[in-house]
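In what follows, a single structure is set out as structure tokens and then discussed.
The values are calculated or read from the model by the stated rules, or taken from the named source; none is laboratory data. For clarity, every value in this text was computed on a predicted model and none was experimentally measured. Please note: Cβ atoms are built from the backbone with ideal geometry, for glycine as well, and neighbour counts cover all protein chains shown. Calculation scope for accessible area: heavy atoms of the full protein, side chains included, ligands and nucleic acids excluded. Shrake-Rupley method; radii C 1.70, N 1.55, O 1.52, S 1.80 Å.
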Amino acid sequence: MSLEVILGILLLISYFGLIYYAAKGGNLMLGFLIMAIIWVALGMIGGKISWQVAQTQVFQGGPESWGATAVVVIFGSWFGRILVETGIAATIIRKTVELGGDKPLITTILLSIVTGLIFTSTFGAGAVVAIGVIVLPILFSLGVPKPLAVSSYLMSVGSGMYVNIVLFKQMQGIFQGFKYDSNYLKFGFTAMGVQLFIIIIMLAVRLRKSAVNHAWAAQGTQSAGTYTTQHVPAMALITPLIPVILAIAFKWQPIPAFIVAVFYALFVCRKIKSFHDAEKIVTKTFYDGVVDVASLLGFLFILPMFNKVSGMVAPFFQAILGGVMPRSPLFLCILFAIVAPLGLFRGPLTVFGAGSATLGILNAIGGFTNTLLFPLIYIPTITMNISACPTQSWNLWSLSYSKVSTKEFLKSGVLWAWIICIINSLIVYFMYGV
């Protein structure tokens with residue numbers, strides 16, 4: 001047995017060890033740091049990595065390469081805080097409930113659509129929590145069973161992530177050169193539409209007329225008005241769409257788009273009456289936005305170390321997997337559709353888990369373009385992990401807030417999330433694999 005094969009086997013053993021560690025709820029920042037060290041050591045034994053390369057390209061160059069992405073994450077989280085502090089998010093939700101009137105199913109569907117639209121640009125656990133404490137009590141008051149209410153809200157948040165430029169920038173750090181343009185957005189908006197459509201079907205199937213009544217709907221409409229006492233002008237309600245419109249229609253970069261949207265919201269909502277007011281609210285919301293994503297930033301600075309080294313040890317994977325891994329785009333898309341639940345519990349199909357190692361293996365054996373792999377790995381990452389997995393930070397908060405058990409949450413949403421993954425995986429094939 002050659003040295004390359006032996007090292008390939010050791011790499012695979014460590015890969016499955018990471019999957020097990022992630023599924024048990026281990027700290028992923030530490031997990032990927034340990035993996036990067038192990039894979040660097042094995043690469044050095046195999047003669048593919050020198051200590052100088054390890055220092056400059058992996059441990060130093062990896063985190064440095066992610067600096068631009070981290071800045072976008074911070075500004076996106078700041079924007080989310082602005083939507084909350086100005087009362088824009090609460091007002092949009094209140095008006096949505098009023099529009100639904102005394103029809104609980106219609107109100108719930110409208111809330112799902114509006115939530116998805118808000119999170120096309122908003123990012124951060126703070127924003128999800130702040131909007132969740134408005135939306136979830138309304139859903140409960142409408143008579144929506146708690147597990148269903150939590151699943152529909154979190155899946156709605158996830159739907160917007162398909163075109164969310166902050167999340168996209170994080171993925172872009174892994175897929176160098178992939179752009180937020182019409183080529184991607186035709187998939188992003190389609191996938192978002194599919195997820196919202198399945199959420200609507202889920203609500204229609206599970207919200208029987210016997211489960212809700214008009215009294216609950218009236219109570220929900222009345223209670224929605226208590227979540228904000230701030231006056232928000234109608235023209236402020238377009239704020240969540242401003243970064244997306246500027247990025248798509250005018251090709252703006254995300255940070256200037258967020259800055260314009262932030263100050264548009266502050267001026268229209270009359271939050272800046274003096275320079276002192278500007279100093280106070282900008283400082284507070286920016287600070288809160290950074291706190292919201294602090295743990296994510298730590299993870300994002302460690303992950304590039306692993307991404308860098310995974311490419312360097314590619315020959316060892318090729319030695320043992322080159323003849324057995326799928327080569328056909330159709331087969332790969334079908335395989336991803338079938339095993340999509342492996343995106344749960346930070347498994348091998350979520351980028352913010354062991355999925356980064358899966359990408360390393362797929363890139364190592366070659367044969368697939370980033371145009372195909374990017375949206376394909378995005379689907380379980382968003383629909384399974386972000387939308388339906390209890391290991392996601394804001395999902396865990398939702399379970400604690402609503403007193404819904406992990407078992408109830410998984411039973412409520414995973415099957416529907418799987419259906420979304422199947423449909424979107426086939427869409428990826430027809431868009432990029434043919």
Does Leu203 count as at pLDDT 90 or above, surrounded by 19 or more Cβ atoms within 10 Å (Cβ to Cβ) and under 30 Å from Val414 (Cβ atoms)? yes
Scanning for something polar (S, T, N, Q), assigned to a helix (DSSP H, G or I) and closer than 30 Å to Trp39 by Cα, does the stretch 73-83 turn up at least one residue? no
Take Phe187 and tell me if it is open to solvent by 10 Å² or more (accessible area, probe 1.4 Å), aromatic (Phe, Trp, Tyr) and more than 12 Å from the chain's Cα centre (by Cα). no
Determine whether the stretch 223-242 contains at least one residue that is modelled with pLDDT under 90 and closer than 28 Å to Met431 by Cβ. yes
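Confirm whether Leu105 is of a type outside the set (Phe, Trp, Tyr), part of a helix (DSSP H, G or I), in contact (Cβ under 8 Å) with a residue 40 or more places away in the chain and open to solvent by less than 20 Å² (accessible area, probe 1.4 Å).
Values: of a type outside the set (Phe, Trp, Tyr): yes; part of a helix (DSSP H, G or I): yes; in contact (Cβ under 8 Å) with a residue 40 or more places away in the chain: yes; open to solvent by less than 20 Å² (accessible area, probe 1.4 Å): no.
Taking the combined requirement at face value, the residue does not satisfy it.
Does Leu139 fit the bill of being open to solvent by less than 10 Å² (accessible area, probe 1.4 Å), assigned to a helix (DSSP H, G or I) and aliphatic (A, V, I, L, M)?
For Leu139, the condition - open to solvent by less than 10 Å² (accessible area, probe 1.4 Å), assigned to a helix (DSSP H, G or I) and aliphatic (A, V, I, L, M) - is met.
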Glu98 being open to solvent by 10 Å² or more (accessible area, probe 1.4 Å) and closer than 25 Å to Leu148 by Cα: yes
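Condition first: closer than 25 Å to Asn385 by Cβ, open to solvent by less than 30 Å² (accessible area, probe 1.4 Å) and of a type in the set (Gly, Ala, Ser). Can you find one or more residues in the stretch 38-61 that meet it? It would help to see each step written out before you state the result.
Going residue by residue through the stretch 38-61, those that are closer than 25 Å to Asn385 by Cβ are 38-39.
Next cut, open to solvent by less than 30 Å² (accessible area, probe 1.4 Å) only: 39.
Subsequent filtering for residues that are of a type in the set (Gly, Ala, Ser) retains none.
Checking the stretch 38-61: not a single residue is closer than 25 Å to Asn385 by Cβ, open to solvent by less than 30 Å² (accessible area, probe 1.4 Å) and of a type in the set (Gly, Ala, Ser).
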Residues of the stretch 158-184 that turn out to be open to solvent by 10 Å² or more (accessible area, probe 1.4 Å) and either on the phi < 0 side of the Ramachandran plot or of a type in the set (Asp, Glu) (or both), as a count: 12
If I filter the stretch 291-347 down to residues being assigned to a loop (DSSP other than H, G, I, E, B), modelled with pLDDT of 80 or more and more than 24 Å from the chain's Cα centre (by Cα), which single residue comes out as farthest from Ala70 (Cα to Cα)? Ser328
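If I ask for residues that are free of Cβ contacts under 8 Å to residues at least 12 places away in the same chain and open to solvent by less than 40 Å² (accessible area, probe 1.4 Å), which ones from the stretch 1-15 would you list? I'd like the intermediate steps shown before the answer.
Pass one, the stretch 1-15, residues free of Cβ contacts under 8 Å to residues at least 12 places away in the same chain: 1, 6, 13.
Of everything in the stretch 1-15, nothing turns out to be free of Cβ contacts under 8 Å to residues at least 12 places away in the same chain and open to solvent by less than 40 Å² (accessible area, probe 1.4 Å).
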Cross-chain or 6+ apart pairs with Cβ under 6 Å, the stretch 379-390 first and closer than 16 Å to Val166 by Cβ, then hydrophobic (A, V, I, L, M, F, W, C) and part of a loop (DSSP other than H, G, I, E, B): Thr381/Val351
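Can you say whether Gln219 is within 30 Å of Glu64 (Cβ to Cβ), open to solvent by 70 Å² or more (accessible area, probe 1.4 Å), modelled with pLDDT under 80 and not basic (Lys, Arg), as far as the supplied structure shows?
Numbers: within 30 Å of Glu64 (Cβ to Cβ): no; open to solvent by 70 Å² or more (accessible area, probe 1.4 Å): yes; modelled with pLDDT under 80: yes; not basic (Lys, Arg): yes.
So Gln219 does not fit the description; no.
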Note on Gly80: of the conditions (1) within 30 Å of Val244 (Cβ to Cβ); (2) surrounded by fewer than 18 Cβ atoms within 10 Å (Cβ to Cβ); (3) of a type in the set (Gly, Ala, Ser), unmet is (2)
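Take the residues in the stretch 261-272 that are outside any helix (DSSP H, G or I) and among the hydrophobic types (A, V, I, L, M, F, W, C); name whichever of them is surrounded by the fewest Cβ atoms within 10 Å (Cβ to Cβ).
If we filter the stretch 261-272 for residues that are outside any helix (DSSP H, G or I), which is where we start, we get 269-272.
Filter once more, so that each one left must be among the hydrophobic types (A, V, I, L, M, F, W, C): 269, 272.
Numbers: Cys269: 21, Ile272: 16.
Checking each candidate, the answer is Ile272.
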Identify the residue in the stretch 391-407 that is small (Gly, Ala, Ser) and either part of a helix (DSSP H, G or I) or in contact (Cβ under 8 Å) with a residue 24 or more places away in the chain (or both) and, among all such residues, is farthest from Lys169 (Cα to Cα). Ser402
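Scan Phe275, Phe286, Phe258, Phe299 and give me the residue that is closer than 30 Å to Gln230 by Cα, touching a helix residue (DSSP H, G or I) at 6+ places or on another chain (Cβ under 7 Å) and surrounded by fewer than 22 Cβ atoms within 10 Å (Cβ to Cβ).
On the way: Phe275 fails: touching a helix residue (DSSP H, G or I) at 6+ places or on another chain (Cβ under 7 Å); Phe258 fails: surrounded by fewer than 22 Cβ atoms within 10 Å (Cβ to Cβ); Phe299 fails: closer than 30 Å to Gln230 by Cα.
Residue meeting the stated conditions: Phe286.
State which residue is nearest to Gly298 (Cα to Cα) when the search covers only the stretch 16-37 and only residues that are of a type in the set (Gly, Ala, Ser) and either exposed (fewer than 15 other Cβ atoms within 10 Å of the Cβ) or within 21 Å of the chain's Cα centre (by Cα) (or both). Before the answer, list the steps.
Our first condition is that a residue be of a type in the set (Gly, Ala, Ser); within the stretch 16-37, this holds for 17, 22-23, 25-26, 31, 36.
With either exposed (fewer than 15 other Cβ atoms within 10 Å of the Cβ) or within 21 Å of the chain's Cα centre (by Cα) (or both) added as a condition, the list becomes 22-23, 25-26, 31.
Values: Ala22: 16, Ala23: 19, Gly25: 17, Gly26: 15, Gly31: 12 Å.
Filtering first and then ranking leaves Gly31.
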Step by step: first the residues of the stretch 350-384, then only those that are open to solvent by 10 Å² or more (accessible area, probe 1.4 Å) and not in a helix (DSSP H, G or I), then the one that is nearest to Met305 (Cα to Cα). Which residue is that? Phe352
